[in-house]
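The values are calculated or read from the model by the stated rules, or taken from the named source; none is laboratory data. Computed from a predicted structure; not experimentally measured. Cβ placement follows ideal geometry from the backbone for every residue including glycine, while neighbour counts extend to all protein chains displayed.
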Amino acid sequence: MKKIYGILAVLLCFLFAGCGREESQYYEVASEKQSFFDVAANAVGAKFQGMQFYQGEPVQIWSAREAGKINIYLYKMDGSRELLLEGAPDGYDFGNGYIDKDGNYYHWNTNESISGTDPSGRRLFSRRLSEAEISTINRICQPSDGRIYLLYTESGGGIFKLGILDPATGEITKVSNAISGLSASTSIGSGGDGLCYLKEQGVEKVDAEAGRVEELWPFVGTTYILGLTTSYPVWDFQVKEDGSLELLRAGKKGENGILEALRKEPVEKGKKILTLRGTSFAYNKWLKECVQLFNQGNDQWYVALEECGIYSDPEDYAMQTSIEIAAGKGPDILYGDVLGSYEAGVFTKGGFADLAPYLGESGMKEEDFFPAAFGYYRDGGKIYSVMPKMDFSLDGHGSIVMDAAVLSGEGEPDIETLVDSLLACGEDAYFLRSAKSDDLLDLFLEGSESLWGMVDWETGTCNFNTELFRKIMEAAKRLEDSAQRGGATIEEAIKKLEEEQYDVQPLAERESYNLYRYLDQDLLREKGKVRAGILFDDGCHAHAEAGSRVMVNANTDKKEGAWEFIRFLLEEGQPAEYDFAGYPVSRKVFDALMEKELLKERYVEDYEKYYKDNGTYLLNERRIQGIREILEDARFIPTRTQPILDIIHEEARTYFSGVKNMEEVCVLVGNRVQVYLDENPN
C-alpha cells in the first residue's frame with residue numbers, strides 16, 4: 001500500500017510540476033559575484049577565523065597577535081576594519097569564530113573546545129567538546145529567531161547533527177534526530193524567520209523542533225552549480241526578503257572571498273522549451289555547463305532540466321516516466337539512468353527515436369567519433385542513443401588486472417580459464433579487495449550477451465544446469481574479500497580490514513583508465529600482469545560507463561530541437577580538459593586534448609619525483625596511443641541481460657548464505673529465467 005501511495009504522489013507531482021509544467025514556470029538562476037577585500041594578502045601575520053553576515057553585512061573575522069596580546073578584527077568588503085575584541089583569551093589566535101547580533105564572540109577549535117566572550121572581553125563560558133559528546137564543530141549561525149545553532153559531528157559516530165548553544169552557559173542541546181541528510185559540505189544560515197540548510201540541491205527551511213525540512217530555494221531543475229567543497233566552503237548565507245539568496249565564500253585561509261547574489265529569472269519569451277529529464281543533475285557539472293551554454297547561444301530552443309532530486313524515489317520516477325512514454329507523452333530528451341529497469345522495455349517497444357537521419361543531415365560522420373558514441377542502442381543503421389562523453393568509473397569497475405602467473409601465463413583469459421584458475425587457489429585467497437560475492441558474480445557474468453551460452457535468445461530457452469555456471473557460483477562464494485564475509489556491515493568490514501592489514505593480498509586489482517595511471521602493454525609485461533576483466537563474449541575489453549547516454553522520446557514533436565541540442569553536445573560540448581575519468585567521444589577533440597596534455601609533460605624535469613613516487617606514469621606518445629586503442633575498443637555491458645541477472649542474484653544469495661545448495665539454486669534460476677523468457681519473447 002505504501003508503494004501505491006508513493007506512485008500516486010509521483011503522478012500528482014508530474015501532473016502539477018513535472019513535464020506538464022507551463023513554460024513560464026521554468027526558471028534559471030542568475031549569479032552575480034563581488035570580490036571581498038583580499039585580507040589574506042594585506043593583513044600579514046593575521047589568521048582567518050571565519051566569514052559571516054553580521055547585522056546583514058558581509059564581514060570576515062581575523063585574529064592578530066599585537067604587542068603581546070590577541071586582538072580580533074572585523075573586516076568589511078572595502079577592506080575597512082574595526083576592533084571587535086581587544087586582549088582576547090589565549091588560544092583565540094587560531095581556530096574559528098562567530099559573532100552574534102549582540103556582539104558576543106564565540107570561538108572554537110574544531111575538535112577541542114568552545115568558549116564565549118562578551119563585547120567587553122568578559123568570558124561567558126568555556127567548555128570542552130568532549131563533555132557534550134561532540135567530535136567536531138563545523139558551523140555556527142544565528143538566524144532571526146535568535147537561537148544559536150551548531151552543525152557538529154558526534155563523538156565516535158562521525159554523523160552530522162544539529163544543536164542549539166546556550167550563550168550564557170555553553171550548554172549544547174541536541175536537536176531532533178529526524179533532521180537528516182547533513183554532511184561536511186552542508187552550510188547553515190538564515191532565511192525568512194528561521195534556520196536554513198544549504199546543500200548542492202538548494203536551500204531548505206528547517207523546523208528544528210518538529211525535525212522537518214522543506215524546500216525553499218531549489219537548484220534542482222536549473223543549471224546553477226553550487227560546487228560545495230571543503231577547500232572553498234560557503235561560510236554563511238541568507239535568504240533576503242525579496243527572495244534572493246546571498247552566499248559568502250572564501251578559502252580555508254580566507255583567500256578569494258566573494259559575495260555571490262543569486263536570483264531567479266524566467267525563461268526568455270519566444271523560446272521553445274525542450275525538456276531534458278534525468279535522475280539527478282546536482283553533481284553533473286559538465287552537463288549543466290553544456291545546457292547553460294546552449295541556452296545562452298540558441299535563439300529558438302531552451303533546454304529545461306527535470307530531475308527526480310534526492311528526496312523522491314528514483315524507482316517510482318523511472319516507472320512514471322516509462323508510463324508517460326507508453327501513453328504517448330513524457331519528456332523530449334532522456335538522460336542516463338532515468339528509466340532505470342524500465343529502459344530495456346521502453347527501447348524494445350519503440351520508445352526512442354531513430355537519430356540516424358538527423359546525423360546524416362547534420363554533415364557529421366560516424367567515423368569522426370569513437371564507436372561508443374553511437375553504440376549503446378542501435379540496430380544496424382538505426383541509432384537510438386548518443387553517448388556525448390566517454391566515461392570510465394573512478395574505481396576501475398570492470399577493469400581488472402591480475403598476476404599472469406595465476407593464469408599460468410596464458411595471456412588474457414576466457415571465462416573458463418579464469419574461474420578454473422581462481423578455484424585452484426588456496427583457501428585464504430580472495431579475488432578483489434572489498435568485493436562481496438554479489439560483486440564477483442556480476443563481474444563474471446555481466447559482459448556476456450548469452451550469459452556464457454546459458455541463454456539462447458533466438459529460441460527463447462535457457463539452461464543453467466551447467467558445469468560452468470556451478471563453477472562461477474562457487475568462485476563468487478569462495479573468493480569474496482574475507483572482510484566482507486558473514487554479512488558484515490561496512491563499519492565492521494573497515495575495522496576488520498584495518499586489523500588484518502591485508503596480510504593476504506588479492507589475486508587481482510581494479511584498474512582505472514586514468515591517462516596517467518593505467519597500465520599500458522609495456523607496463524603490464526614489466527609487472528607480470530594481465531587484464532582479466534571485464535570479459536565479453538569475444539574477449540577482454542574496456543568497460544565504458546553509459547551514464548551520459550542521451551535518448552530522444554519517440555513521441556516528441558520537437559525532435560529537430562532535441563537533435564540540435566545533441567549536436568551541440570557532440571561539437572561545442574566535448575570535454576576540453578582532461579578530468580581523470582572521462583574523455584571526448586570526438587576523435588578530433590581527443591587528439592587536441594592529448595596534445596595539450598603532452599605539452600604539459602614536456603616541462604617535467606624530475607620524473608622520479610613527480611611520477612613514480614605517486615604511482616603515476618609520464619605521458620608520452622606510446623601511452624596516448626594505448627588509451628586511444630582502449631577508447632576504440634571500449635564496450636558497454638549488455639542491457640537485455642539485466643532482468644535475468646536480477647533473478648540470478650536473488651537466488652544466488654540463498655546459496656551464498658548457505659540457505660540452499662548449489663543444485664537447488666541452479667534449478668530455481670533456470671525455472672524463473674525460463675518464465676521471464678516466455679513472458680518476454682523477442
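Identify, by number, the condition in (1) crowded, with 16+ Cβ neighbours inside 10 Å; (2) in a helix (DSSP H, G or I); (3) modelled with pLDDT of 95 or more that F464 doesn't meet.
All conditions pass for F464, except number (2).
Does the stretch 197-212 hold any residues that are over 24 Å from D100 (Cα atoms) and at pLDDT 85 or above, and which are they?
E200, Q201, G202
Take the residues in the stretch 533-580 that are in a loop (DSSP other than H, G, I, E, B) and of a type in the set (A, V, I, L, M); name whichever of them is modelled with the lowest pLDDT.
Applying the filter and picking the extreme gives A576.
It is to be established whether one or more residues within the stretch 235-250 are within 30 Å of Q300 (Cβ to Cβ), part of a strand (DSSP E or B) and not aliphatic (A, V, I, L, M).
no
Scan the stretch 77-91 and give yes if some residue there is buried (at least 19 other Cβ atoms within 10 Å of the Cβ), touching a residue at least 60 places away in the same chain (Cβ under 8 Å) and under 39 Å from the mean Cα position of the chain (by Cα), otherwise no.
no
With respect to E260, determine if the residue is out of contact with any Phe, Trp or Tyr (no Cβ under 6 Å at 6 or more places or on another chain), within 30 Å of A41 (Cβ to Cβ), surrounded by fewer than 16 Cβ atoms within 10 Å (Cβ to Cβ) and touching a residue at least 40 places away in the same chain (Cβ under 8 Å).
Taking the combined requirement at face value, the residue does not satisfy it.
Looking only at the stretch 32-60, which residues are part of a strand (DSSP E or B) and closer than 18 Å to S231 by Cα?
Of everything in the stretch 32-60, those that are part of a strand (DSSP E or B) and closer than 18 Å to S231 by Cα turn out to be S35, K47, F48, Q49, G50, M51, Q52, Q60.
For the stretch 197-214, name all the residues that are free of Cβ contacts under 8 Å to residues at least 60 places away in the same chain and not small (G, A, S).
Y197, L198, K199, V203, E204, K205, V206, D207, E209, R212, V213, E214
Quick one: I273 ticks every box in (1) out of contact with any strand residue (DSSP E or B) (no Cβ under 7 Å at 6 or more places or on another chain); (2) closer than 27 Å to T556 by Cα; (3) aliphatic (A, V, I, L, M) except a single one, so which number is it?
For I273, the failing item is (1).
Provide a single number: the residues in the stretch 61-107 that are assigned to a loop (DSSP other than H, G, I, E, B), modelled with pLDDT of 95 or more and among the hydroxyl-bearing types (S, T, Y).
1
Looking at Y377, Y430, Y358, which is the one that is surrounded by 23 or more Cβ atoms within 10 Å (Cβ to Cβ), touching a helix residue (DSSP H, G or I) at 6+ places or on another chain (Cβ under 9 Å) and of a type in the set (S, T, Y)?
Matching residue, one of Y377, Y430, Y358: Y430.
Hey, can you tell me all the residues within the stretch 501-546 that are within 23 Å of M387 (Cβ to Cβ), under 25 Å from the mean Cα position of the chain (by Cα) and of a type in the set (D, E)?
E511, E545
Quick one: is S421 among the polar types (S, T, N, Q), in contact with a helix residue (DSSP H, G or I) (Cβ under 6 Å, 6 or more places away or on another chain) and more than 30 Å from V552 (Cα to Cα)?
So S421 passes the test.
Look through S185, S176, S180 and report the one residue that is among the hydroxyl-bearing types (S, T, Y) and closer than 22 Å to E246 by Cβ.
Checking each option against the conditions leaves just S185.
Does I644 satisfy the criteria of being of a type in the set (V, I, T), in a loop (DSSP other than H, G, I, E, B), surrounded by 14 or more Cβ atoms within 10 Å (Cβ to Cβ) and at pLDDT 90 or above?
Judged against the criteria, I644 is not a match.
With the requirement that a residue be among the aliphatic types (A, V, I, L, M) and not in a loop (DSSP other than H, G, I, E, B), what does the stretch 425-447 give you?
Result: L440, L441, L443, L445.
It is to be established whether one or more residues within the stretch 132-144 are assigned by TED's automatic domain parsing to the domain that holds Q55 and assigned to a helix (DSSP H, G or I).
yes
Looking at L441, is it buried (at least 17 other Cβ atoms within 10 Å of the Cβ), within 20 Å of A475 (Cα to Cα) and at pLDDT 95 or above?
yes
Being assigned to a loop (DSSP other than H, G, I, E, B), over 20 Å from L334 (Cα atoms) and touching a residue at least 12 places away in the same chain (Cβ under 8 Å) is the requirement here; does Y583 meet it?
no
Taking the stated definitions as given, is T153 closer than 30 Å to L216 by Cα and either in contact (Cβ under 8 Å) with a residue 24 or more places away in the chain or within 24 Å of the chain's Cα centre (by Cα) (or both)?
Against the criterion (closer than 30 Å to L216 by Cα and either in contact (Cβ under 8 Å) with a residue 24 or more places away in the chain or within 24 Å of the chain's Cα centre (by Cα) (or both)), T153 qualifies.
Is it fair to say Y377 is within 20 Å of A544 (Cβ to Cβ) and touching a Ser or Thr at 6+ places or on another chain (Cβ under 6 Å)?
Considered against the rule, which asks whether it is within 20 Å of A544 (Cβ to Cβ) and touching a Ser or Thr at 6+ places or on another chain (Cβ under 6 Å), Y377 comes out as yes.
Got a number for residues in the stretch 412-424 being surrounded by 12 or more Cβ atoms within 10 Å (Cβ to Cβ) and either part of a loop (DSSP other than H, G, I, E, B) or modelled with pLDDT under 90 (or both)?
Number satisfying all stated conditions: 3.
This table checks each residue for (1) more than 18 Å from the chain's Cα centre (by Cα); (2) at pLDDT below 90.
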position: I179; (1), (2): yes, yes
position: L195; (1), (2): yes, no
position: I225; (1), (2): no, yes
position: V234; (1), (2): yes, no
position: F281; (1), (2): no, yes
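Testing E289 on (1) under 16 Å from L569 (Cβ atoms); (2) modelled with pLDDT of 95 or more; (3) charged (D, E, K, R); (4) not in a strand (DSSP E or B), one condition comes back false. Which one is that?
With respect to (1) under 16 Å from L569 (Cβ atoms); (2) modelled with pLDDT of 95 or more; (3) charged (D, E, K, R); (4) not in a strand (DSSP E or B), E289 is out only on (2).
For the stretch 317-346, which residues satisfy the criterion of being closer than 10 Å to R277 by Cβ, in contact (Cβ under 8 Å) with a residue 40 or more places away in the chain and under 24 Å from the mean Cα position of the chain (by Cα)?
Passing the criteria: Y317, T321, P331, I333, L334, Y335, G336, V338.
So, in the stretch 251-270, exactly how many residues are assigned to a loop (DSSP other than H, G, I, E, B) and within 30 Å of N553 (Cα to Cα)?
Total meeting the criteria: 4.
With (1) among the hydroxyl-bearing types (S, T, Y); (2) loosely packed, with under 15 Cβ neighbours inside 10 Å; (3) part of a loop (DSSP other than H, G, I, E, B) as the list, and S185 as the residue in question, which single condition is left unmet?
Answer for S185: the failing condition is (2).
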